Amino acid sequence: MALKAYELLIITPVGVDVAEKSKFDAIIEKLGGKVLNFVDLGRRALAFAVNKQKEGGWLHWELELAPDQVAALKKSLRLLNAEALRFMLTLKSSRLKTRPRKRERKRKKVAAVASVVKN
């Protein structure tokens, strides 16, 4: 099955090192995924306390994964509740990048009408 592009954001407790990210990488690779990019977004304050934590370390991955392995990845991340306070996995959409903006479409339409009227 073809791999699809996903984004994964994990909020960890403050005491967890970036070195612990290898545990998350191993889970992704075990499921047949491929890590494309990793960014440590640093410590940030949480809007509300999660497991009595008011701050968390934010980690962001761009990865490729087979769609039938998404449920297994989510289950594995839920089992790591000591290392991951919260996580969010989203499908990257290519449609958002290719869709022209409303203003650009309107400008092209006006230019087309002006060229017809001019001729």
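Net charge within 13 Å of Val35 by Cβ-Cβ distance, Lys/Arg positive one each and Asp/Glu negative one each, not counting Val35 itself?
-1
Rounded if a/c is under 1.5, else prolate if a/b is larger than b/c, else oblate: which is the chain, with a ≥ b ≥ c the root eigenvalues of its Cα gyration tensor?
Taking the square roots of the gyration eigenvalues as a ≥ b ≥ c, the chain is prolate.
Readers should treat all values here as calculations from the given coordinates under stated rules, not as data from a laboratory. Remember, it's a predicted structure, so these values are computed and weren't measured experimentally. Virtual Cβ from ideal backbone geometry, glycine too; neighbours counted across all protein chains shown.
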